[in-house]
Each structure stands twice: as structure tokens, then as C-alpha cells.
1. Identify all residues within region 65-89 that are of a type in the set (G, A, S) and over 13 Å from V51 (Cα atoms); write none if there are none.
2. Can you pull out every residue in region 50-96 that is free of Cβ contacts under 8 Å to residues at least 12 places away in the same chain and in a strand (DSSP E or B)?
3. Can you say whether L55 is surrounded by 10 or more Cβ atoms within 10 Å (Cβ to Cβ), farther than 30 Å from L80 by Cβ and modelled with pLDDT of 75 or more, as far as the supplied structure shows?
4. Scanning region 58-95 for residues that are surrounded by 12 or more Cβ atoms within 10 Å (Cβ to Cβ) and in contact with a helix residue (DSSP H, G or I) (Cβ under 8 Å, 6 or more places away or on another chain), which turns out modelled with the lowest pLDDT?
5. Is it the case that some residue within region 21-44 is at pLDDT 80 or above, part of a strand (DSSP E or B) and under 19 Å from the mean Cα position of the chain (by Cα)?
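The values are calculated or read from the model by the stated rules, or taken from the named source; none is laboratory data. If you're wondering where the values come from, they're calculated on a predicted model, not measured in any experiment. Please note: Cβ atoms are built from the backbone with ideal geometry, for glycine as well, and neighbour counts cover all protein chains shown.
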Amino acid sequence: MDKTRKILIITLLCVNVVLIGVLVSTSMPEAQAQQGTPFPKTNYVAVTTKVNKDLDALCVIDLATQQMAVWKWNSGRKKLEPLSKRTLPSDFSITR
């Protein structure tokens with residue numbers, strides 16, 4: 001290939017990349033601001049904790065039902081596994 005042809009191909013490739021970038025940036029919807037909580041229909045709290053020296057866990061508390069589930073990470077299977085489930089009012093002797 002001669003030098004002029006290489007320059008033409010590189011120029012056309014660059015123009016295509018720019019046009020694709022403009023197309024993608026103009027076709028994306030704008031972010032909408034939300035009022036209030038980001039998840040209005042959920043009522044959960046998630047907290048990480050250390051159960052013992054070798055075990056980290058994720059505690060998820062459902063504030064509506066006042067139940068807590070504890071999950072541990074199984075590194076062999078690479079997934080969360082349930083460790084325990086508790087009902088908080090009965091644990092703290094709270095009567096409603």
C-alpha cells in the first residue's frame with residue numbers, strides 16, 4: 001500500500017470512532033434525580049461483621065419484620081451461604 005492510502009484508511013477509522021462515540025454519548029438517557037430514599041419500598045440494613053478470627057459475615061436486618069439473617073462467604077464455592085437467622089424482638093425480649 002502506498003502512503004496516501006494508509007493515511008486515508010487511518011483517517012476514516014478515526015472518523016468512525018469519533019462518530020460512534022458521539023452516537024453513544026447522545027443516545028444515553030440523562031440521569032434523573034430522585035427524592036427521598038433511593039429504594040423507597042425496601043426497609044433493610046446490611047452490615048459486615050467479624051464473627052471470629054477467621055470468619056467475616058454479612059448481617060441483613062429486615063426492619064419491617066425485625067428479623068436478621070447472617071451470611072458467610074464460602075471462598076471455595078465463591079458464594080454467600082446462610083449462617084443463621086434470628087428474630088430480634090424475641091432475642092431482646094421486646095414485646096409489641
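1. A69, S75, G76 - these are the residues of region 65-89 that are of a type in the set (G, A, S) and over 13 Å from V51 (Cα atoms).
2. K50, N52, N74, K79, E81
3. In short, no.
4. Top of the filtered list is Q66.
5. yes
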